[in-house]
Amino acid sequence: MATITAYPINSTPKASDLLLGTKVPTINSEEQPITNNVTIASVAAFANTYNLGYTVYTALLTQAAAAAPVATILQNTTGGTLVWTRQSAGNYTVTASTALFTVNKTIVFGNYGNVGAGLTQDFGWNRTSDTTITLIVDGDDKLVNGSFEIRIYS
């Protein structure tokens, strides 16, 4: 048997690599714990399907001049398509293709991203309707890879 120090510390796992796992028996049953190998791919597949209690739209936002914000979408599990528009300087809307933004179950997190000195990192938002969220920032040209996330709880 190898000692734990024989294994590399900074290796990158492959999908086919194995992890040791234990199936926990049902409480008050005659079942026994079962130890077996699972693949990294199977753990990743499970993690991607595990329900956290919300769907999410996560993006990096950049906005310049009089253009609408450009979203680099990192994840979208909402099932809808979201489109950004510029209403006026510092006033932008994101509109969903279907009624996603449920009242009292929708929340927005974010910041400006790579900003210069003197700017705050916070912005305002408002759920305008089931399909629209309004984002208010200090003016145009302020969002540079700003983080933006909408969570819709079930």
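What to note about this one:
- Selection of region 49-71 for residues being over 18 Å from THR134 (Cα atoms) and part of a strand (DSSP E or B) yields TYR54, THR55.
- Which listed residue, of ASN104, ASN126, is modelled with pLDDT of 95 or more, part of a loop (DSSP other than H, G, I, E, B) and of a type outside the set (A, V, I, L, M, F, W, C): ASN104
Let's see how each residue does on (1) surrounded by 13 or more Cβ atoms within 10 Å (Cβ to Cβ); (2) at pLDDT below 95; (3) in a loop (DSSP other than H, G, I, E, B):
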| residue | (1), (2), (3) |
| --- | --- |
| ILE9 | no, yes, yes |
| SER16 | no, yes, yes |
| GLU31 | no, yes, yes |
| THR35 | no, yes, no |
| SER42 | yes, yes, no |
| ALA47 | no, yes, no |
| ILE73 | no, no, no |
| TRP84 | yes, no, no |
| TYR92 | yes, no, no |
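- Selection count where residues are touching an Asp or Glu at 6+ places or on another chain (Cβ under 6 Å) and farther than 23 Å from ASP138 by Cα, scope region 48-70: 0
- TYR112 among the aromatic types (Phe, Trp, Tyr), within 18 Å of the chain's Cα centre (by Cα) and surrounded by fewer than 18 Cβ atoms within 10 Å (Cβ to Cβ): no
- Selection count where residues are within 13 Å of VAL94 (Cβ to Cβ) and within 10 Å of the chain's Cα centre (by Cα), scope region 53-72: 3
- In region 124-135, the residues that are farther than 14 Å from THR62 by Cα and either under 20 Å from the mean Cα position of the chain (by Cα) or of a type outside the set (Ser, Thr, Tyr) (or both): GLY124, TRP125, ASN126, ARG127, ASP130, THR131, THR132, ILE133, THR134
- Condition met for VAL56 (surrounded by 13 or more Cβ atoms within 10 Å (Cβ to Cβ) and in contact (Cβ under 8 Å) with a residue 60 or more places away in the chain): yes
- Close pairs (9 angstrom Cβ cut-off, 6 or more residues apart or separate chains): farther than 17 Å from ASP141 by Cβ in region 71-98, among the aliphatic types (A, V, I, L, M) and loosely packed, with under 13 Cβ neighbours inside 10 Å anywhere: GLY80/ALA99; LEU82/ILE73; THR93/VAL83; VAL94/VAL83; THR95/VAL83; ALA96/VAL83; SER97/VAL83
The values are calculated or read from the model by the stated rules, or taken from the named source; none is laboratory data. The structure displayed is predicted, hence computed values, not measured ones. When we count neighbours, we look across all protein chains shown, and the Cβ atoms used for this are built from the backbone with ideal geometry, even at glycine.
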